[in-house]
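The values are calculated or read from the model by the stated rules, or taken from the named source; none is laboratory data. What you are looking at is a predicted structure, and each value in this text was computed from that prediction instead of being measured. Note that each Cβ is placed from the backbone with ideal geometry, even for glycine, and that neighbours are counted across all protein chains shown.
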């Protein structure tokens, strides 16, 4: 059969409210997650054994990582189905920055799982495949779904939100990593937070038109942004740069950073913002995109 290819889209936390660490060492959270139209590309094809090759603009950053999330996910799939290690050649075209708050590794793994199921005609339904995706971390199930959802718990309790309208955006990464673990440790070391009420889903917007949704999001926050900015001042500079770009209505860090998204009121505004940011910051990664509900 010919190779199968899929987009592994960038995941964006439109807001992210984080509670204090629990007894198991995890942080409860509340978030609204959407996916962009930019991302990595994953290709699978039948082979004698499981292998992974990485290319693309950010591929070199994964060269020293033999146990990529894709491989972990596919080995877990083999265990779950009893079929053994999937005999697949996997190629990852790594186009998203690494340690960027975009769920890139989890999205890559989610795309690979779905492609492997198709390529090998495995008898495993979506719910079981989500359980496999959970092996790689809390982002696994949401990145397997690749559709807008409210996330609770550790990120694994998901409720689809099909009402989110398409939102035009520009993504900006200043070229610095923002490791998730370090950001959470800085968050824990900060002032105590009365987070119980903050983790409830906020009241939804008055209506789901793009302008109202953007204004609604402006009243929410990413609790990991202040500690990430303290650890990596380039993130604060990136937020300021995106906020000042023409046509940007709201700028916020995604996930644990370092990528910042700017929501715009039209595709033309997003393209103009991306052009201005690229010209002013030639070493940064900049991409206009659209965030869609499915």
Subject >> Conditions (1) modelled with pLDDT of 95 or more; (2) surrounded by 13 or more Cβ atoms within 10 Å (Cβ to Cβ): number failed by residue 211 >> reply: (2)
**OP:** Kindly list the number of the only condition in (1) surrounded by fewer than 19 Cβ atoms within 10 Å (Cβ to Cβ); (2) under 12 Å from residue 135 (Cβ atoms) that fails for residue 98.
**Re:** (2)
**OP:** State yes or no: is residue 91 modelled with pLDDT of 95 or more, out of contact with any helix residue (DSSP H, G or I) (no Cβ under 7 Å at 6 or more places or on another chain) and farther than 30 Å from residue 251 by Cα?
**Re:** yes
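Within region 151-179, can you find the residues that are in contact (Cβ under 8 Å) with a residue 12 or more places away in the chain, in a strand (DSSP E or B) and surrounded by fewer than 17 Cβ atoms within 10 Å (Cβ to Cβ)?
Passing the criteria: only 160.
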Subject >> Test result for residue 40, over 30 Å from residue 203 (Cβ atoms), modelled with pLDDT of 95 or more and in contact with a helix residue (DSSP H, G or I) (Cβ under 6 Å, 6 or more places away or on another chain) >> reply: yes
Subject >> Among the residues listed as 120, 113, the single one being modelled with pLDDT of 95 or more and surrounded by fewer than 24 Cβ atoms within 10 Å (Cβ to Cβ) >> reply: 120
Original post:
Quick one: would you say residue 127 is under 15 Å from residue 44 (Cβ atoms), surrounded by fewer than 18 Cβ atoms within 10 Å (Cβ to Cβ) and without any contact (Cβ under 8 Å) to a residue 12 or more places away in the chain?
Top reply: no
Original post:
Which condition breaks for residue 133 when tested against (1) touching a helix residue (DSSP H, G or I) at 6+ places or on another chain (Cβ under 9 Å); (2) assigned to a strand (DSSP E or B); (3) in the same structural domain as residue 26 (by TED's automatic domain parsing)?
Top reply: (2)
Original post:
What about residue 287, is it closer than 18 Å to residue 10 by Cα, assigned to a helix (DSSP H, G or I), in contact with a strand residue (DSSP E or B) (Cβ under 6 Å, 6 or more places away or on another chain) and in contact (Cβ under 8 Å) with a residue 60 or more places away in the chain?
Top reply: no
